[in-house]
Amino acid sequence: MRNKKLLLGAFVVLCCSGFAFSQMPTPPPAKTPGDALNAVLNIAEHEFVSAADAMPEDKYSFAPSAGEFKGVRTFAEQVKHVAAINYIFGASVLQEKPPVDTGEEKGPATVKSKAEIMKFLNDSFAYLHKALASISDKNELDQVTVFGEMKMARLSVGSFSVAHPMDHYGQMVEYLRMNGIVPPASRPQSK
């Protein structure tokens, strides 16, 4: 019975993924590892930014508090965290200092309104796209430093950078639904 449930769950995920991918324009064939990473980042960016924009500004301070949710990030903190990490990963790939204050993974304390947070988020994705575009077959295995001390292959940092927003996207979907908002990716799509 458990295997049947797992199989059904995998089937549902694949079907939903196929629907989501069918809504995205087909990227040109990748010529570099950076192109391949940027194609996946485009998908993550689209889902994440749409969800961030869907939450009304007056709900940006929402965080569930009942049960095991005590002390979790607010919706705004989720968005700012992803933006800050985008900058940190991008800077690691480019081997430079982040071009903005990342607030130690929290984002700058001065960025407070929804408009400011959305700008910080969009700018972070633009910077991360630039960083990923720099990954080539010649430098993809070069060791770079991430989080000040950890050494990883540039490609590994790039790969994790495209997965990280989706971890928080799942949490944001829950926050949206707790506030009666259907996430954009779950809304009926016009053809």
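The values are calculated or read from the model by the stated rules, or taken from the named source; none is laboratory data. All figures in this text were calculated on a predicted structure; none of them were measured in a lab. Cβ: placed from backbone, ideal geometry, glycine included. Neighbour counts: every protein chain shown.
Pairs are defined by a Cβ separation below 8 Å, a sequence spacing of at least 6 or placement on different chains, a first member in region 150-166 that is over 10 Å from Leu37 (Cβ atoms) and without any contact (Cβ under 8 Å) to a residue 24 or more places away in the chain, and a second member that is of a type in the set (Asp, Glu) and surrounded by 15 or more Cβ atoms within 10 Å (Cβ to Cβ); the pairs so defined are Ala153/Glu140. For region 63-119, give me each residue that is in a helix (DSSP H, G or I) and among the charged types (D, E, K, R). Answer for region 63-119, where residues must be in a helix (DSSP H, G or I) and among the charged types (D, E, K, R): Glu68, Glu77, Lys80, Lys114, Glu116, Lys119. Candidates Ile135, Ile181: the one that is modelled with pLDDT under 95 and in a loop (DSSP other than H, G, I, E, B) is Ile181.
Would a scan of region 101-118 turn up a residue that is without any contact (Cβ under 8 Å) to a residue 12 or more places away in the chain, within 21 Å of Glu45 (Cβ to Cβ), surrounded by fewer than 16 Cβ atoms within 10 Å (Cβ to Cβ) and within 16 Å of the chain's Cα centre (by Cα)? There is no residue in region 101-118 that is without any contact (Cβ under 8 Å) to a residue 12 or more places away in the chain, within 21 Å of Glu45 (Cβ to Cβ), surrounded by fewer than 16 Cβ atoms within 10 Å (Cβ to Cβ) and within 16 Å of the chain's Cα centre (by Cα).
Limited to region 50-62, what total is found for residues that are in contact with a helix residue (DSSP H, G or I) (Cβ under 7 Å, 6 or more places away or on another chain) and surrounded by fewer than 19 Cβ atoms within 10 Å (Cβ to Cβ)?
Within region 50-62, the subset in contact with a helix residue (DSSP H, G or I) (Cβ under 7 Å, 6 or more places away or on another chain) is 50-55, 57, 59-62.
Next cut, surrounded by fewer than 19 Cβ atoms within 10 Å (Cβ to Cβ) only: 50, 53-54, 57, 59, 61-62.
Residues in region 50-62 being in contact with a helix residue (DSSP H, G or I) (Cβ under 7 Å, 6 or more places away or on another chain) and surrounded by fewer than 19 Cβ atoms within 10 Å (Cβ to Cβ): 7 in total.
Restricting attention to region 155-174, does a residue exist that is within 19 Å of Phe62 (Cβ to Cβ), surrounded by fewer than 20 Cβ atoms within 10 Å (Cβ to Cβ) and among the β-branched types (Val, Ile, Thr)? Yes; the residues of region 155-174 include at least one that is within 19 Å of Phe62 (Cβ to Cβ), surrounded by fewer than 20 Cβ atoms within 10 Å (Cβ to Cβ) and among the β-branched types (Val, Ile, Thr). If you go through region 138-149 and keep only what is touching a residue at least 40 places away in the same chain (Cβ under 8 Å), under 22 Å from Glu104 (Cα atoms) and part of a loop (DSSP other than H, G, I, E, B), you end up with just Phe147.
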